[in-house]
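All of the numbers you see were taken from the coordinates with simple rules; none came from a lab. All values reported here derive from a predicted model rather than from experimental measurement. In this analysis, Cβ positions are derived from the backbone assuming ideal geometry, glycine residues included, and neighbour counts consider all displayed protein chains.
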Amino acid sequence: MLVRIYPVSAIPPSSPTSDDVTLPDISRFSSYKRLIRATAMVRLFIERLKQKQRDIPLQVAHMKDAEARWIRQSQKESFGDELNRLKRKQPLRKNSKLTKLDPETEDGILKARGRIGASTVTTHSNRPVILDGGHSFTRLLIDNGHRNAGHANNERVVNDLRQRFVIFRLRPTVRKIAKGCQFCRVYKATPRRPPKGDLPAERIDPGHRAFTYCGVDYFGPLTVTIGRRHEKRWCALFTCLTTRAVHLEIVPSLSTDSAIMALRRMAARRGWPRVIYSDNATNFRGADVELRDCYRKWIPELRNYCLQYETEWRFIPPGAPHMGGAWERLVRSVKAALSTTLKEKSPKEEVLQTLLTEAEYSINARPLTHVPVDYEEEEALTPNHFLMGSSTGLPRTGPCTEADRSTWRRSQAMADQFWRRWLREYLPTLIPRGQSRMEGPQLQPNDLVMIVDGTLPRNTWPRGIIVRVYPGPDGVVRAADVRTKGGVFRRPATKIAVLLRGEAAKSLRRGENVTDGLRHN
């Protein structure tokens, strides 16, 4: 075999007939730059052996030569028939996809000739290299362009690549590379918001007294003046899930005894509930750190205390305050009412108690149904109708027969009338879901996911594997248990962003090559 020796500064471009056995296995590379550098190092090693010089450094010419070799190799595998015909100076087949490009070979590389050969632009622009988007080398090339563009939008990558190459199926390949890019998955993944679920039975069960089913929440602290000192007070808000009535209790401290006594005061005036819903302690944020810590201590004792009165205590999933909208929205209404009536920054406790009671009355007087303009129609239904018999508390007699003169029959007749109106006017307003059914796969066990935490930077969000899902009555998954390195956490679907689905995540954990884009950046 005849070996030609070239000086280092004059490395010739590789010949189209040169032996490409020295090219490494492309399937072992996940990066275009590593592929080109490894190929250049192999060629450099061969050159050092031929020239018997170990101090020959890696130069730009070696990198360009390695790139040219890979371009020829990919074209040989993708357009072998066209290259053979051009060598023999035969016309291309009519069904060849290169026909419209009027291709030619230059240094063994297939290029598009086009009609702008007379232009003064660079050779890369008027003689772009032809590549097939389905080849492994082209995919690594596009992946490199995607990274060089800073993981920008796909059109930016397409525009950059078109300056040098004519790539078949360029846009679909760019989209596929971007979709499989692990960096983009992590920094662009967002949770899929499931549709609004069906209302629980406690929200739509008529005929029971107010606060049979209720939700509870705490807000504060509120500052009061006692003598010459200032002290903190909190407020416990109880809301009836059916009639939407509100009951407010001042809590002097965050001790467990104060929480139990607030519950006892509410039950003494409104009756013991059958079911109580509340937030999980992890739903409190920011200024509620003290409240969150105390809430963890209350829950076990409150639940045990309620069992004595056959009251069940239920929790919404951790990190899902939106599932407690029935009471969260009313907390905001109470705060808005206080802001308009509370003139002092630190009122006396008696003043605060009075203002909270007035705010309770004001909120319970809000209309639940359409407010008619015609004075002949009945007034809008309010929570006060179920608590006091009318929206303003003034006496009002419901429809009853002449024979029903006793007070209890009148009260029963009014209650029946209000519930009939509740069924006829208020319940239909709860029917609209306001959101279409969710399309696509839901959360499933073994999915590789990322838990969204708005208080932390995205790159520090914990990642884990779903170990269990909790579908609702309609079959839609709205919560799941995620196993992370810090333990197993239950989170709502709105806080879980999927990175890889079940089988793909299993393959990734086994170390298999799932897709070219799912590699560490």
- Modelled label-to-label distance, Leu338 and Arg264, 7 Å Cα→beta-carbon offset: nm? 2.4
- Any residue on another chain or 5+ positions along whose placed amide H is under 5 Å from the amide H of Glu312 is listed here as Val275, Ile276
- Query: Which aspartates and glutamates does Lys94 reach when only Cα atoms under 15 Å apart count, and residues fewer than 8 places away in its own chain are ignored?
  - Reply: Asp81, Glu82, Asp102
- Query: So how do 61-69, 223-231 stack up, highest first, on mean other-Cβ count within 10 Å?
  - Reply: 61-69, 223-231
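Pairs of Cα atoms under 8 Å, at least six residues apart: use those to get the relative contact order of the stretch 44-193, whole percent.
On the way: 142 pairs, mean separation 25.1, N = 150.
Taking the mean separation of contacting Cα pairs over the length of the stretch 44-193, I get 17 percent.
Calculate the all-directions average of the projected area of the stretch 106-256's alpha-carbon convex hull, and give it in nm². Present the calculation step by step, with values, prior to reporting the outcome.
Working: hull surface 83.1 nm².
Projected area, direction-averaged: 20.8 nm².
Let me have the relative contact order for the stretch 259-391, percent, based on Cα pairs under 8 Å that are six or more residues apart.
On the way: 109 pairs, mean separation 23.5, N = 133.
It comes to 18 percent, rounded to a whole number.
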- Relative packing of 240-249, 441-450, 134-143, 41-50, which averages over residues the other C-beta atoms within 10 Å, highest first: 240-249, 134-143, 441-450, 41-50
- Message: Could you tell me the calculated FRET efficiency between Ile46 and Gln90, based on Cβ-Cβ distance and R0 = 30 angstrom, to the nearest 0.05?
- Response: 0.30
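Once you have the Cα-Cα distance between Thr223 and Arg209, take 0.36 nm times their residue separation minus that, and quote the gain in nm to one decimal. Working shown, then result.
Details: separation 14, 0.36 × 14 = 5.04 nm, distance 3.40 nm.
Full extension from Thr223 to Arg209 adds 1.6 nm.
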